[in-house]
Structure formats: C-alpha cells, structure tokens
Amino acid sequence: MVRPSGGGRATVGRVTGLLDELRAAVGADGVLTDSDVTAGYARDMMPLAPAGTPCAVVLPRDAAGVQAVVRSCAANRTPIVPRGAGSGLSGAANAIDGCVVLCLAKMNNIIEVDPDNRLAVVEPGVVNLELREAVEKRGLFYPPDPSSYDWCTIGGNLATNAGGLCCVKYGVTTDFVLGLEVVLASGELLRTGRRTVKGVAGYDLTRLFVGSEGTLGVITRATLALRPIPQAPATLVASFGTTAAAGRAVATIIREGMVPSLMEIMDRTSIRAVQNFGHTDLDNAAALLLCQSDSGGEVARRELAAIEQACSAAGAELVYATDDLAEGRLLLAARRAVLPALETLGTWLTDDVCVPRTAITSLIERSESIASRLGLTIAVVGHAGDGNMHPTIVYDSSSPDETARAHQAFNDILEVGLELGGTVTGEHGVGKIKQDWLAREIGPVGLDVHRRIKAALDPHNLFNPGSMFSFDD
Ligand SMILES: Cc1cc2nc3c(=O)[nH]c(=O)nc-3n(C[C@H](O)[C@H](O)[C@H](O)COP(=O)(O)OP(=O)(O)OC[C@H]3O[C@@H](n4cnc5c(N)ncnc54)[C@H](O)[C@@H]3O)c2cc1C
C-alpha cells in the first residue's frame, strides 16, 4: 500500500519563521493570527465534526500568493486546510491543530463571461449567487444551486461537487466544469481541461479535483459552462396520506420519462415542523411532493399535467398546480422553511445519503424507526428527483446523552443508506465525519487507489490531512 509520508509538524520557531514568509507572500493584512479571529475560521456548519486550532488564517488575493503560501507551508511541513465560506456540512474545511487555513474568499473576481461560447471564468471566492446574478444579466444561467447559494463559494462548490434543488434536470457542479487552475503541493500551477464544448485529451484531471475536498490541491480559477436562462417555473404541490404513495408517484414520474426542473419531498415530521412555524395552510399529510417545470408555456403545462396524473394515480389526496410565479414561490417557501422551523426545536444535524429513487420510501420509514428507537426528532427532506435525502436530526446539544444519541442516529441513517444500495454522501462530502463510512463504501481496493492518487499529488500530506480518508488502517 502506498502512503504519503506524514512529515514533521511545525515547532514554535518554525511557526514564527513561517508567519514572516506568509506575510511576505500575501501582505501583513492577509495573515490573521489573533485567536479570537482565527476561531471564526476553524469550523464549518457540521456540529459534530472535530476541529483544531490553526496557527494562522491566510487570505491570498491571487494565484501567485497561493503558490507562495503553499511553498512556504510545504518547506515548513505545516498542513494547509483550504476554505471557502465555511458553509460545509461535513467538517471538511475544519482546521487541524497548527495548520494554515487558506481562505480563498478574497479571490472573488468574475474574470470573464463569454455569451458566444456560453462560459464564465471565475476565481474560487466568488459566491454562487453573485455568479448566477452576473451571468443572468447576459441572458445566461449557471444551474448548480445548493440551498446555501447566497453565501457558499464556487471554490467550495467545486471541491465538494455541490448539488442542489435543480440537479434532477441539470446535474451537479461537475457537469458545468470545463477546466480548472490548481496550485499543487509542489507550488506548481496546473491547468486542466478546456474552453471547448467537447475535449478528451488526456486523463480527465478536471474531474479528479472536483469533489476532492481540498485534499489534492488549491483551486485558484475555474472555467464553467453556462446555459440559456430557462423559462419562469410553473409549480405543483401534491400531498399524500402515506409515504409509500409519495414514493409510488416519484417512481412513476421517473419511469414515464418526465424531467421536472425540481422535485422535492417533505416527510410528516418536516411538514409538522413547518406547520407549527407558521405555514398554517399545510394539511396533515404524511408526505408532500413539490415539483417544478421550467420549460415554459404549453410545454410546462403539459409536463405538470402529466406529473399531476402520476400523483393522482399514486393516491395523492390533493394536487395543486400554478404557473403564477409568486404563488409558486409561496408553495416552495414550505420546503425552504424546514431548517428554520427545525432550528426553533433545537440544534439540527443534517445527514446526507443518496439512495436509489425506488428506495426513498424505505429511507423515510426507517428514519422514523430510528427516531422513535432513539427518542429523537428526525425530519426527512430531500431531492426526490435524484434520491438525495437529508434526514435532519434535532437534538439538545447541551445534553451529552442526547448528543450521543444524535450521533448514533446519524450513523444508523448511513447504515440504512448503504443497506438500501445507496451512498454515504450525495452532496455534502466525507470531510472529517464520514471517513470510516467512505472506507466501508469503497472497500480496501478503492481506498488504496485513493491513497495512491494522494501520494502521487501530495506526497507529504500537505493538504487537509486526515480529511476524507486517513493513511492509517
Ligand atoms: C443551510 C445549508 C444548506 C446547504 N445546502 C446544500 C445543498 O443544497 N447542496 C450542497 O451540495 N451543499 C449544501 N450545503 C453545504 C455547503 O454549502 C456546500 O458544501 C458548499 O459547496 C460549501 O462551499 P463553501 O464555500 O462554504 O466551502 P467550505 O465549507 O469552506 O469548504 C468545503 C470544502 O471545500 C474545500 N475548498 C474550499 N475552497 C477550495 C479551493 N479553492 N480549493 C480547494 N479546496 C477548496 C475545503 O477544504 C473543504 O474541503 C448547505 C449548507 C448549509 C449550511
């Protein structure tokens, strides 16, 4: 088995020298060492993942600055944890003790929008929403839309291969990446990919870095494919008396070749939470299905009519469709209100499993069993169109016993996900909380190949060590 060498960790004297080098690389104002300030960069949004104390947070302004930082850290054997906005839900951007957190937030230029070739070139710190708004002004659309789109960065989206609500029709981040610029552990600048629509020259290095969670290099630029702006969406909501009926509707919609631009599911617990939060017009359903079509006009009406028929045939108790934009937004507000509603009940912990679409019902029902066995609230919401479910555990984080049960529930849900033929993460990544689960899912050969790739690109284990997988058995 090939393993990168662990290297020695920084000593106090080496840290002082390193800080001088970092200031020379990015300017004194780009190096933060005040522990009250650096603590704000030490963890992401996953409450259960471990986080250490960085020796500094460094905010470069260009690729040359990143290269200089990487070379200094490599020479000092100081690990680097790349970071975007810290909105991640796997602890992937969490600091480890003595590391440099390399935050790309200040590299936030949209370098180019090229409508004739339908592409954009951006720096990693650009916020997803800012890119969407900028290209929209040119009549274009950047589809990947994680729910955190108003604050997460393109660099973070690339490194986690982020998904979102529109994946069912448009795919995930990787489907929109043409090429990358990456600073390697050697400090060299690697350019992958292309600006053309097609291209098969060499290994697909671009996709090796997409989803690599900051373990292989630092993304400093991306060339992204764009689409024409779709039509304003028409929206449909269907409520079901049983989860199984909702599952049947999803299966029929997929089997019959319908491609909604959004298909979300809410289970009984999330419906109740939203109802208590103020959306009083929701009925006492066991499951809600929300669908959209962005095909426009008559085509959208036909698509939603077919979806309506599938829902009714599956036993929907109520189906309502509208092409009024404001009304559609209001219907979708229920889905968007789930996390704020759960937040009023306690600390939320979102799990992330992707199961075959035919197994969505089982995943929801087995999450209910886990909740009652462990005496917790678990609300399941998810992207029904692609089977990516987010059972969200609500618990009292001031109680060690409840926290332990929440952790247990988190793992039990992953177990169920694998048993149902799914994967332990559909979009949030492995990070510092699912390493053992990745090892289980990919097996010893898969893990060894991961380690060989890491050893080839990052032989001294400089980038995000311990995240995603470890080098110990
Ligand atoms: C309320 C909420 C809703 C969410 N909804 C979704 C959703 O619908 N879909 C989804 O996919 N995710 C979702 N997320 C998770 C999170 O927003 C995404 O994972 C997002 O892509 C992270 O972006 P970030 O800029 O915050 O990255 P960070 O959290 O800072 O980092 C994430 C990973 O990327 C690495 N990284 C960051 N920048 C770079 C770079 N330039 N080069 C190399 N590595 C880098 C980090 O090391 C880390 O491994 C949600 C999170 C929250 C809090």
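The values are calculated or read from the model by the stated rules, or taken from the named source; none is laboratory data. Model, not experiment: these values are computed from the prediction. Ideal geometry is used to build each Cβ from the backbone, glycine not excepted, and the neighbour counts take in all protein chains shown. Quick note on the areas: whole protein, heavy atoms, side chains included, nothing else; ligands and nucleic acids left out. Shrake-Rupley method; radii C 1.70, N 1.55, O 1.52, S 1.80 Å.
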Exercise. Residues of the range 116-150 being in a loop (DSSP other than H, G, I, E, B), farther than 26 Å from L32 by Cβ and in contact (Cβ under 8 Å) with a residue 24 or more places away in the chain, which ones?
Worked result: N117, R118, R138, G139, Y142, P143, P144, P146, S147
Problem set entry | In the range 131-189, residue most open to solvent (accessible area, probe 1.4 Å) [restricted to those that are under 17 Å from the mean Cα position of the chain (by Cα) and of a type in the set (S, T, N, Q)] | S147
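Residue-by-condition table, conditions (1) within 11 Å of the ligand (Cβ to nearest atom); (2) of a type in the set (A, V, I, L, M, F, W, C):
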residue	(1), (2)
L59	no, yes
C73	no, yes
S87	yes, no
N117	no, no
E130	no, no
E133	no, no
R138	no, no
P143	no, no
C166	yes, yes
Exercise. Does the range 422-459 hold any residues that are assigned to a helix (DSSP H, G or I), under 19 Å from the mean Cα position of the chain (by Cα) and either among the polar types (S, T, N, Q) or more than 12 Å from S470 (Cβ to Cβ) (or both), and which are they?
Worked result: Q435, W437, E441
Problem set entry | Pair list, Cβ under 7 Å, 6 or more apart: the range 93-115 residue touching a residue at least 60 places away in the same chain (Cβ under 8 Å) and at positive phi, other residue open to solvent by 50 Å² or more (accessible area, probe 1.4 Å) and of a type in the set (D, E, K, R) | G98/R9
Problem set entry | V210 vs. criteria touching a strand residue (DSSP E or B) at 6+ places or on another chain (Cβ under 7 Å), open to solvent by less than 20 Å² (accessible area, probe 1.4 Å), within 13 Å of the ligand (Cβ to nearest atom) and more than 30 Å from T358 (Cα to Cα) | no
Problem set entry | Selection within the range 365-380 - open to solvent by 10 Å² or more (accessible area, probe 1.4 Å) and either assigned to a strand (DSSP E or B) or over 13 Å from A406 (Cα atoms) (or both) | E365, R366, E368, S369, T377
Exercise. Are any of the residues in the range 19-35 surrounded by fewer than 22 Cβ atoms within 10 Å (Cβ to Cβ), within 16 Å of the ligand (Cβ to nearest atom) and in a loop (DSSP other than H, G, I, E, B)?
Worked result: no
Exercise. Can you spot a residue in the range 398-420 that is within 20 Å of the chain's Cα centre (by Cα), closer than 20 Å to P144 by Cα and open to solvent by 10 Å² or more (accessible area, probe 1.4 Å)?
Worked result: no
For this session: Looking only at the range 242-255, decide whether some residue is over 30 Å from R195 (Cα atoms) and among the basic types (K, R).
Result: yes
